[in-house]
Amino acid sequence: WGEDGAALEGNTVYVIPTGKTVRVEDHCLRLEEQESHPRRQPTPSEIDIFFKSLAENSKTDAIGVILSGKGSEGTQGILSIRDQGGLVLAKDPATAESDDRPLKAIPTDLVDVVLPPQDLANTVYTFIRSPFAGESPSVRGEARETSFPQSTLLRFIELLGNESEVDFSHYKPNTLSRRIQRRCLLAGFHDLEHYLEHLQQSQQEQRLLRSDLLINLTQFFRDPDVWADLEREIIPQLFAAAAQKAELRVW
């Protein structure tokens, strides 16, 4: 293990020292003392803390891999990676010495691909070496811009709209482009035209692509505590403060 603030290097395995957590900051590793929490209070695991910082630092370039291990460590962190448009892989539980972690992660619908160990590295390599990933490298973790033909993008939007009655035309073109290119690679294609042909024939792939496009927006609706707070605290205040016959807009 290097010192606090050490720059990340390729072909290197880093092991977290006992009693420490590690974060990624400006493509450097930051060591911190583990925080003490009151008894019975849930505490984020070291891998969740690391994944969250990786997502914030690397955005769409972040790749998280869930390997063997006990417990559910990593399931919160992969949500951060997916929210930023990164890639999440999991080891096939059938090949894991301890399958708790992959079995907890896979049902979240946040894992892009489940593979045996020998295929995980190949998938990561294929992803980072793809023509899409090389179009315009990201700078200091900022989301890369994509060169996606507008006419091709409209064809994807039309197809998804016809099949699901969801209008994606109001989404940011760059966000749509990155997510479509991402699914194209994960489906095993390196050409958008061939992927579009596959998409037209595969209801399953259409579902997966829509899930990728909607993941950030729909996450809110899966949080019952947020809805309870809205009903109990926020909405009554909005109506109480509004004048009679006033217009109240929520978006």
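The values are calculated or read from the model by the stated rules, or taken from the named source; none is laboratory data. Treat the numbers as computed from the prediction; the structure is a model and nothing was measured. Positions of Cβ are backbone-derived with ideal geometry, glycine not excepted, and every protein chain shown enters the neighbour counts. These accessible areas exclude ligands, DNA and RNA; they are computed on the full protein's heavy atoms, side chains included. Shrake-Rupley method; radii C 1.70, N 1.55, O 1.52, S 1.80 Å.
Observations
- Matching residues, region 8-33, being in contact with a strand residue (DSSP E or B) (Cβ under 7 Å, 6 or more places away or on another chain), modelled with pLDDT of 90 or more and over 21 Å from Arg101 (Cα atoms): Cys28, Leu29, Arg30, Leu31
- Condition met for Val15 (open to solvent by 80 Å² or more (accessible area, probe 1.4 Å) and not in a helix (DSSP H, G or I)): yes
- Screening Tyr171 on (1) surrounded by 12 or more Cβ atoms within 10 Å (Cβ to Cβ); (2) assigned to a helix (DSSP H, G or I) shows it passes everything except condition (2).
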